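Q: Can you keep this structure in mind? I'll have questions shortly.
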Amino acid sequence: MMYYELDITPRVIVGADTRTRVGQEARKLGFSRVLVVSDPFHEQAGRTDEIAHLLNAAGLEVSVYAGVTAEPDTEIVERGLDQFRADSCDGIVALGGGSPIDTAKTISVLAANDGTVRQFMGTDAVPELGVGVIALPTTSGTGSEATRVVVIADSETKLKMSGRSHAYLPSVAILDHRLTMSMPKPLTAATGVDALTHAIEAYVSKQANDFSDLLALSAVRLIWNSIRHTWRDGSDADARQNMLMGSFQAGIAFSNASVGLVHSMSEPLGACFHVPHGLSNAMLLPAVTRFSVDGAPARYAEIARCTELADSSAPDEECCQILIAQLLQLNRELDIPSPKSFGIDETSYEKDIEKMTNDAAAAGSTANNPIVATAEQIQGIYRDTYTG
Ligand SMILES: [Fe+2]
């Protein structure tokens with residue numbers, strides 16, 4: 001018999017212009033003063049103003065905190081928490097990609113629990129549910145609006161910490177794909193392959209269950225069939241909506257089934273050479289897949305079949321080879337650089353391989369990969385990845 005627990009965002013609103021529902025949703029949650037958490041980009045683009053007006057129109061008071069940067073750290077969270085308290089807020093609206101949403105979820109937990117960010121990292125370390133968070137994603141990548149996961153860096157040690165708890169789930173996710181339409185090509189590519197990686201890694205994870213499988217395969221299909229369209233033509237609304245839904249489903253899948261070796265290895269690569277998360281995943285996905293297929297050939301084959309890359313009657317081994325070739329091809333089509341063409345010097349890369357390998361081997365998701373890689377194997381994958 002199977003046993004598992006599921007954490008899922010309890011309320012989800014999907015469709016064009018559904019961001020206009022934010023005031024109504026905030027009222028339903030009993031908010032009266034809202035902290036809008038976002039970043040300078042969305043503030044300058046007038047997006048935080050739009051959200052503030054929508055909240056004001058519903059009779060709510062608003063305080064805007066647009067100080068979130070990429071890869072947010074404990075200081076960014078603490079500043080937001082100070083503003084939340086100083087302005088007597090009682091609810092949060094997050095607008096942006098994974099960084100603002102993760103920051104908002106962490107502020108929410110700190111607003112309701114005594115302690116520091118560090119204390120609430122790790123697994124199930126949060127005693128009380130946080131204050132309500134309404135998440136409005138503007139990228140189709142992290143799936144943070146769907147997950148029980150946050151990633152926050154320690155501002156002193158610079159190390160990234162991750163928290164996994166039911167308390168990090170938003171109360172409401174508003175999936176308005178119009179918010180994602182202005183993403184530039186490189187961001188569309190990197191966040192899209194991040195979402196694809198979530199779906200693939202959740203499906204082949206040792207922690208997968210029949211519910212996460214359902215969403216992981218659906219997400220693979222949605223993302224595979226739309227990622228090139230959104231990259232070529234960012235104004236294709238149907239493709240943008242499919243990507244946002246795919247990223248949301250992939251988020252639920254990996255939040256409940258774990259990611260794998262791509263994420264374990266991409267974290268140190270990003271930390272050593274300042275490669276954005278989605279990009280470092282994309283760089284590693286083909287080589288990690290090549291390494292992992294023998295651990296779950298039927299599952300990888302199913303991914304190739306469900307996207308119609310391979311014929312439904314093709315044997316597993318053939319499907320796996322097609323999948324690996326197609327992942328390499330996708331990177332080429334989306335202009336995803338290799339570590340080399342990204343500008344990482346070969347000597348520095350070689351010098352840091354040992355440190356990256358140690359960090360990757362110690363990461364929690366390494367054990368959930370279909371094949372648990374040894375340090376030597378991880379080093380080999382980093383080397384294979386360098387030139388793409
Ligand atoms: Fe990711």
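The values are calculated or read from the model by the stated rules, or taken from the named source; none is laboratory data. Remember, it's a predicted structure, so these values are computed and weren't measured experimentally. When we count neighbours, we look across all protein chains shown, and the Cβ atoms used for this are built from the backbone with ideal geometry, even at glycine.
Q: Any idea how many residues of the stretch 38-80 are over 30 Å from Thr157 (Cα atoms), assigned to a helix (DSSP H, G or I) and not aliphatic (A, V, I, L, M)?
A: The qualifying residues number 7.
Q: Among what's in the stretch 88-115 and is surrounded by fewer than 22 Cβ atoms within 10 Å (Cβ to Cβ) and of a type in the set (D, E, K, R), pick the residue that is farthest from Leu175 (Cα to Cα). Steps first, answer last, please.
A: Step one: list which residues in the stretch 88-115 are surrounded by fewer than 22 Cβ atoms within 10 Å (Cβ to Cβ), which gives 88, 90, 111-115.
From what's left, of a type in the set (D, E, K, R): 90, 114.
On the way: Asp90: 23, Asp114: 32 Å.
Looking at the filtered set, the residue picked out is Asp114.
Q: Another question, if that's okay. When you go through (1) in contact with a strand residue (DSSP E or B) (Cβ under 8 Å, 6 or more places away or on another chain); (2) closer than 25 Å to Asn209 by Cβ one by one for Pro297, which number turns out not to apply?
A: Evaluating Pro297 over (1) in contact with a strand residue (DSSP E or B) (Cβ under 8 Å, 6 or more places away or on another chain); (2) closer than 25 Å to Asn209 by Cβ leaves (1) as the failure.
Q: Counting just the residues of the stretch 359-388 that are among the polar types (S, T, N, Q) and in contact (Cβ under 8 Å) with a residue 60 or more places away in the chain, which one comes out surrounded by the fewest Cβ atoms within 10 Å (Cβ to Cβ)? Before the answer, list the steps.
A: So in the stretch 359-388, the residues among the polar types (S, T, N, Q) come out as 365-366, 368-369, 374, 377, 379, 385, 387.
Keeping just the survivors that are in contact (Cβ under 8 Å) with a residue 60 or more places away in the chain gives 365-366, 368-369, 377, 385.
Working: Ser365: 22, Thr366: 18, Asn368: 23, Asn369: 25, Gln377: 15, Thr385: 21.
Only one residue fits best here, namely Gln377.
Q: Across the stretch 356-379, which residue is farthest from the chain's Cα centre (by Cα) among those that are at pLDDT 95 or above and of a type in the set (Gly, Ala, Ser)?
A: Only one residue fits best here, namely Ala375.
Q: Considering the stretch 364-377 alone, what residues qualify as being under 20 Å from Ala202 (Cα atoms) and assigned to a helix (DSSP H, G or I)? So that I can check it myself, show each step before the final result.
A: Let us first name the residues in the stretch 364-377 that are under 20 Å from Ala202 (Cα atoms), namely 364-373.
Across the stretch 364-377, the qualifying residues are Gly364, Ser365, Thr366, Ala367, Asn368.
Q: Any residue at all in the stretch 281-291 that's within 15 Å of the ligand (Cβ to nearest atom) and either among the charged types (D, E, K, R) or under 14 Å from the mean Cα position of the chain (by Cα) (or both)?
A: Checking the stretch 281-291: at least one residue is within 15 Å of the ligand (Cβ to nearest atom) and either among the charged types (D, E, K, R) or under 14 Å from the mean Cα position of the chain (by Cα) (or both).
Q: Something else now. Considering only residues that are farther than 17 Å from Ile101 by Cα and assigned to a helix (DSSP H, G or I), which ones fall in the stretch 26-37?
A: Quick first cut of the stretch 26-37, residues farther than 17 Å from Ile101 by Cα only: 27-33.
Correct list: Arg27, Lys28.
Q: Oh, and also: Have a look at Arg118, Arg47, Arg85, Arg79 and point out the one that is under 30 Å from His177 (Cα atoms), surrounded by fewer than 18 Cβ atoms within 10 Å (Cβ to Cβ) and among the basic types (Lys, Arg).
A: Numbers: Arg118 fails: under 30 Å from His177 (Cα atoms); Arg47 fails: surrounded by fewer than 18 Cβ atoms within 10 Å (Cβ to Cβ); Arg85 fails: under 30 Å from His177 (Cα atoms).
Of the residues listed, the single one that is under 30 Å from His177 (Cα atoms), surrounded by fewer than 18 Cβ atoms within 10 Å (Cβ to Cβ) and among the basic types (Lys, Arg) is Arg79.
Q: Need the failing condition index for Lys351 against (1) touching a residue at least 40 places away in the same chain (Cβ under 8 Å); (2) closer than 20 Å to Glu267 by Cβ; (3) in a helix (DSSP H, G or I), just the number.
A: Unmet condition: (1).
Q: Here's another thing I want to ask about it. Quick test of your reading of the structure: Ala189 fulfils all but one of (1) at pLDDT 95 or above; (2) more than 14 Å from the chain's Cα centre (by Cα). Name the failing condition by number.
A: With (1) at pLDDT 95 or above; (2) more than 14 Å from the chain's Cα centre (by Cα) applied to Ala189, the lone miss is (2).
Q: Another question, if that's okay. Can you tell me which of Pro10, Pro40 is farther than 19 Å from Ile174 by Cβ, surrounded by fewer than 21 Cβ atoms within 10 Å (Cβ to Cβ) and at pLDDT 95 or above?
A: On the way: Pro10 fails: farther than 19 Å from Ile174 by Cβ.
Going through Pro10, Pro40 in turn, just one is farther than 19 Å from Ile174 by Cβ, surrounded by fewer than 21 Cβ atoms within 10 Å (Cβ to Cβ) and at pLDDT 95 or above: Pro40.
Q: Still on this structure: Answer yes or no: is there a residue in the stretch 124-134 that is within 30 Å of Ala239 (Cβ to Cβ) and either surrounded by 19 or more Cβ atoms within 10 Å (Cβ to Cβ) or modelled with pLDDT under 95 (or both). Walk me through how you get there before you give the answer.
A: Step one: of the stretch 124-134, the residues within 30 Å of Ala239 (Cβ to Cβ) are 133-134.
Right, trim to either surrounded by 19 or more Cβ atoms within 10 Å (Cβ to Cβ) or modelled with pLDDT under 95 (or both) and you get 133-134.
There is at least one residue in the stretch 124-134 that is within 30 Å of Ala239 (Cβ to Cβ) and either surrounded by 19 or more Cβ atoms within 10 Å (Cβ to Cβ) or modelled with pLDDT under 95 (or both).
Q: Please pick out the residue among Thr197, Thr230 that is within 20 Å of His277 (Cβ to Cβ) and away from the ligand (no atom under 16 Å from the Cβ). Talk me through it step by step, then tell me what you get.
A: On the way: Thr197 fails: away from the ligand (no atom under 16 Å from the Cβ).
Just a single option satisfies the conditions, and that option is Thr230.
One line per residue, one yes/no per condition, for (1) within 16 Å of the ligand (Cβ to nearest atom); (2) more than 28 Å from Glu75 (Cβ to Cβ):
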residue	(1), (2)
Gly141	yes, no
Ile152	yes, no
Leu159	no, no
Ser162	yes, no
Ala167	no, no
Lys185	no, yes
Asp210	no, yes
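Q: Condition check: more than 16 Å from the ligand (Cβ to nearest atom), assigned to a helix (DSSP H, G or I), touching a residue at least 12 places away in the same chain (Cβ under 8 Å) and touching a helix residue (DSSP H, G or I) at 6+ places or on another chain (Cβ under 6 Å). Does Leu323 satisfy that? Walk me through it before giving the result.
A: On the way: more than 16 Å from the ligand (Cβ to nearest atom): yes; assigned to a helix (DSSP H, G or I): yes; touching a residue at least 12 places away in the same chain (Cβ under 8 Å): yes; touching a helix residue (DSSP H, G or I) at 6+ places or on another chain (Cβ under 6 Å): yes.
So Leu323 fits the description; yes.
Q: For Val131, indicate whether it is outside any loop (DSSP other than H, G, I, E, B), more than 17 Å from Val12 (Cα to Cα) and either out of contact with any strand residue (DSSP E or B) (no Cβ under 9 Å at 6 or more places or on another chain) or among the hydrophobic types (A, V, I, L, M, F, W, C) (or both).
A: No; evaluated as a whole, the condition is false for this residue.
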